[in-house]
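Since every read-out is calculated from the coordinates, none of them should be taken as a lab result. Quick caveat: nothing in here was measured; it's all calculated off a predicted structure. Note: ideal-geometry Cβ built from the backbone for every residue, glycine included; neighbour counts use all protein chains shown.
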Amino acid sequence: MLSHNNRNYVRVTATVVLLIFLHFTKISAPAEAIIAKALSPVLSSFYSAGSYLRAAYGNQTAASDLSDEVKRLNNEVKRLTIENGRLKSVEEENRILREYLKFSKENKSNFVLANIVAHRGLNPDSLNQGVIIDKGERDGVKDGAAVISEGAIIGKVVASKDSISEICLITAEGCKLAAAIQNTDKTSGIIKGDMGLTIKMEFIPQTDEIKVGDTVVTSGLEENIPRGLVIGKVVKVNKENNELWQSATIEPLVKLDELIIVSVLIN
């Protein structure tokens, strides 16, 4: 005799077989259609929920991947920025060194290269007053020697020690140089810095003709500074009809706040 569990198993098996038979013989098709229609909203809800969960998981995975990619790209940008800055510095130093070699060959001058190690103004309110270089007396540097950058004079040594020297820039109010304007009158005089920004030549006779754009060079009348070193160009002529003298404002050729390497003439 069959047990209770066996009887239940037989009933379930028979029911399943009957349902399969009715499905394949299309006998249960009307009933299946009714059931499917009744369950359609529920199934649709389950499908929508599943689609939402799949989309949410996909979006979360994509967001995580995107965040990792953004971090990687940011790190790469930082690395390239550092590398680009280093290469630009090397390129600028190489350009300056080539200029010095060209200047040395053309002028047959002896000089020592020096790095700017600090800005130390005669006037602390301006950076364009003075600098400290890493060369001194043991390198042949002497007080009063001309300091060159890119072929133009940018100042002179005012205090040399064993291994460092202080340079007075040509825009410093306390820095004076014997100069000449390359005009028809060959005007000569003394130039001095003006507020750490430009240079002025004063007490020029009214009869001398000076024009904007005239080149100003060293006159050679000063010890340790040879003639013909370019100082800058005239950017303004100050002339009053009722005055005995006129003056000229001169702009340096070199940007003094961007100095990296300079050379000091030692002969």
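Please give the charge dipole size of segment 140-238, origin at the Cα centre, charges +1 on K and R Cβ atoms and -1 on D and E Cβ atoms. Round to the nearest 20 debye. All intermediate terms of the calculation are to be shown ahead of the outcome.
On the way: 11 positive and 13 negative charges, 20 e Å.
Magnitude of the dipole: close to 100 debye.
³J(HN,Hα) across segment 149-161 via Karplus (A = 6.51, B = -1.76, C = 1.60, θ = phi - 60°), whole Hz, x for Gly/Pro?
Each residue of segment 149-161 in turn: 9, 6, x, 10, 6, 10, x, 8, 6, 10, 7, 10, 10 Hz.
Using the Karplus equation 6.51 cos²θ - 1.76 cosθ + 1.60 (θ = phi - 60°), what ³J(HN,Hα) coupling, rounded to whole Hz, does each residue of segment 221-228 give in order, writing x for Gly and Pro?
With coefficients 6.51, -1.76 and 1.60, one gets 8, 10, 4, 6, 10, x, 6, x Hz.
Rounded to the nearest 0.05, what FRET efficiency do residue 112 and residue 71 have when you use their Cβ-Cβ distance and R0 = 51 Å? List each step's numbers first, then the result.
On the way: r = 48 Å, r/R0 = 0.95.
Using R0 = 51 Å, I get an efficiency of 0.60.
Hey, with R₀ at 41 Å, roughly what FRET efficiency would residue 134 and residue 212 work out to, going by the Cβ-Cβ distance, to 0.05?
On the way: r = 38 Å, r/R0 = 0.92.
Once the sixth-power term is evaluated, E becomes 0.60.
Give the long-range amide H neighbours of residue 155: residues separated by 5 or more places, or on another chain, with amide H under 5 Å away, using H modelled in the peptide plane at 1.01 Å from N.
Amide H neighbours of residue 155: 147, 170.
Put a dot 7 Å past each Cα toward the Cβ at residue 64 and residue 203; how far apart are the dots in nm?
Going by the 7 Å Cα→Cβ label model, 8.3 nm.
Taking 0.36 nm per residue of sequence separation and subtracting the Cα-Cα distance, how much length would be gained by fully extending the chain between residue 55 and residue 163, in nm to one decimal? Walk me through the numbers on the way to the answer.
Working: separation 108, 0.36 × 108 = 38.88 nm, distance 7.08 nm.
Roughly 31.8 nm would be gained on extension.
Under the rule of at least 5 residues apart or a separate chain, name every residue whose amide H is placed under 5 Å from the amide H of residue 195.
Those lying under 5 Å, H to H, from residue 195 are 173.
Determine the shape class of segment 109-267: with a ≥ b ≥ c the square roots of the Cα gyration tensor eigenvalues, call it rounded for a/c under 1.5, and otherwise prolate if a/b is greater than b/c, oblate otherwise.
Numbers: a/c = 2.36, a/b = 1.79, b/c = 1.32.
Prolate.
With 18 Å as the limit, write out which pairs from 135/192; 176/200; 233/255 have Cα-Cα distances beyond it, or answer none. Numbers along the way, then the final one.
Numbers: 135/192 25 Å; 176/200 10 Å; 233/255 13 Å.
Correct reply: 135/192.
Sequence gap at least 6, Cα distance under 8 Å: using those rules, report the relative contact order of segment 109-267 to the nearest whole percent. Walk me through the intermediate numbers first.
On the way: 444 pairs, mean separation 40.0, N = 159.
Reported as a whole number, the value is 25 percent.
Which shape class applies to segment 220-267: rounded if a/c is under 1.5, otherwise prolate when a/b exceeds b/c and oblate if not, where a ≥ b ≥ c are the square roots of the Cα gyration tensor eigenvalues?
Values: a/c = 4.28, a/b = 1.69, b/c = 2.53.
Oblate.
Which residues' amide hydrogens lie under 5 Å from the amide hydrogen of residue 238, considering only partners 5 or more residues apart or on another chain, with H built in the peptide plane?
Here 247, 248, 249 satisfy the definition.
In whole Hz and in residue order, list the ³J(HN,Hα) couplings for segment 185-201 that follow from phi through the Karplus curve 6.51 cos²θ - 1.76 cosθ + 1.60, θ = phi - 60°; x for Gly and Pro.
3J(HN,Hα) across segment 185-201, in whole Hz: 8, 6, 4, 10, x, 10, 9, 8, x, 10, 6, x, 10, 10, 10, 10, 10.
Please name which of 203, 118, 129 has its Cα lying farthest along the dipole of segment 109-267 towards the positive end, using unit charges on Cβ (Lys, Arg +1; Asp, Glu -1) and the Cα centre as origin.
118
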